[in-house]
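The structure appears right after this line, and notes come after that.
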Amino acid sequence: MKTSLLCLIASALLLSACAHNTAGISANSSGQLRVDNTSFARDVNVTDVSSLMVADLIKASALIQSQSSTDLRIQYKFTWFDASGFTVEDEASSWKSVKLHGKQQLQVGAVAPNSQVTRFEVYVRQAFSN
């Protein structure tokens, strides 16, 4: 019994040590920045969030800036919202992986999936796989 308990505790500690922090930073179409991971926010910044109408769809863009002198692997994702604040076709949006070289700036963009979209958010997080 004691051995089983020790094995269970050791397994839990090993699994928790492998868990990566997937929190990052986000910026919405109003320009508000939210930081969920202060360590990551020291290395990456999201600025120049803007949008324009193309036909009846929102075209969004943001500038992702590396503050680090080393290469960083990041992921970003645009999430779209309707006038009521509900996500629009969220399952159709996927994370995109990119490599930022030291101090590199990268403009990213996306087009809303339909004309019901009234606002958006871009979320950036560290990628842990190659």
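The numbers here are math on the coordinates, done by the rules we state, and not lab data. From a predicted model like this one, the values you see are computed outputs, not experimental measurements.
Extension gain for Ser115 to Arg73 (0.36 nm times residue separation, less C-alpha to C-alpha distance): 11.9 nm.
For the range 23-126, what class follows from the C-alpha gyration tensor (a ≥ b ≥ c being the square roots of its eigenvalues): rounded when a/c is under 1.5, otherwise prolate if a/b is larger than b/c, else oblate? Prolate.
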